[in-house]
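Following: one structure in structure tokens, then a few remarks.
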Amino acid sequence: MPKISVFLPVFALLGAAGGYIFAPQISSSKPLIVPLLAIIMLFMGLTLKPNDFVREFRRPRSLVIGVCLQFLVMPLLAFVISLQLGVSTAIMTGMVLLGTAPGGTASNVLTYLAKGNVALSISMTLTSTLLSVLLMPWLTGIYLHKVIEVDRLGMLTSITKIVLVPVLAGVTLNTLCHCLLKYLYSALPVLSALAIVITIGIVVAVNAESLQSLLTVVAVAVLLHNSLGLACGYGCARLFGLSERQSRTIAIEVGTQNSGLAVAIAFKHFSLMAALPGALFSVTQNILGASLAGYWRKSKKS
């Protein structure tokens, strides 16, 4: 798994480049975006058991702080950055969707590399993913109601189908058929990474014509969102008196979003242009996250 985390930024860049170069051939694959994310969520569920739901709930303080920061800091940063940069409605929509998305699955591996608390990371990812079914439509409506119509019920239904059902199906299969599936587990990180890279390539391909004019402003917005999310997650955790390991974990969890979900919801309920921030974030979060994890791993402070 660590090797996948190290090379994922490279593969993400290659996916983006491939999507841009072969846009005419790849853009027709856009109906695959939603199924690909559902598959990733299924893979996530296959790595979990019911005990993972309660592991950190016995000492919930750090979990509660982390999840609250996830849904308070990232949506607010996305909205403020969008306003300050004066981006279009479509890009603002994509940024807010990205901000309201739950933690990304790559955060668990990055936390391991950073010598963080992996149990806390898994619990945060799982909790924020389940809460996103309700919070993502609600928060998106709060931030975007003045600029675009938000179908909250439709989003809730979509997120339930894309996230909740596959995750619970994976947990159920892992619980009932663990012995039969044990040979598949080592391949799950590779398959998940492949699905992420394909999704990035498709989104870039669909937006290839407008990418040149938008790339700079969207890249700046995404980099600011990503880096400030990591910084705020760590800084706030330390202010709350959490340990170094817990703070590293929360920083990575807050700054690592399920960008694939943001892309899928943008595609299904808004526009393909709104999917662009999520696609670029998939690249930046792996580069920044892996770099920060590498720095922390070498740090004497733990």
Subject >> Cleavage-rule hits (chymotrypsin sites (Phe, Trp or Tyr not before Pro)) in region 182-283: DSSP loop, at most 10 neighbouring Cβ within 10 angstrom >> reply: Y183
Subject >> Fraction in percent of alpha-carbon pairs per bin - 10 Å, the chain >> reply: 7, 30, 38, 21, 4, 0
Original post:
In region 78-165, which trypsin sites (Lys or Arg not before Pro) are in a loop and have at most 13 other Cβ atoms within 10 Å, using DSSP for the loop call?
Top reply: K146
Original post:
What ranking do S291, S29, S121 get, fewest neighbouring Cβ atoms within 10 angstrom at the top?
Top reply: S291, S29, S121
Original post:
Where in the chain are the DSSP H helices whose alpha-carbon span along the long axis reaches 30 Å or more and whose Kyte-Doolittle mean is at least 0.5?
Top reply: 61-85, 118-144, 208-239
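Readers should treat all values here as calculations from the given coordinates under stated rules, not as data from a laboratory. Since the structure is predicted, the reported quantities are computational estimates derived from the model, not experimental observations. Here the Cβ is made from the backbone with ideal geometry for all residues, glycine too, and neighbour counts use every protein chain on show.
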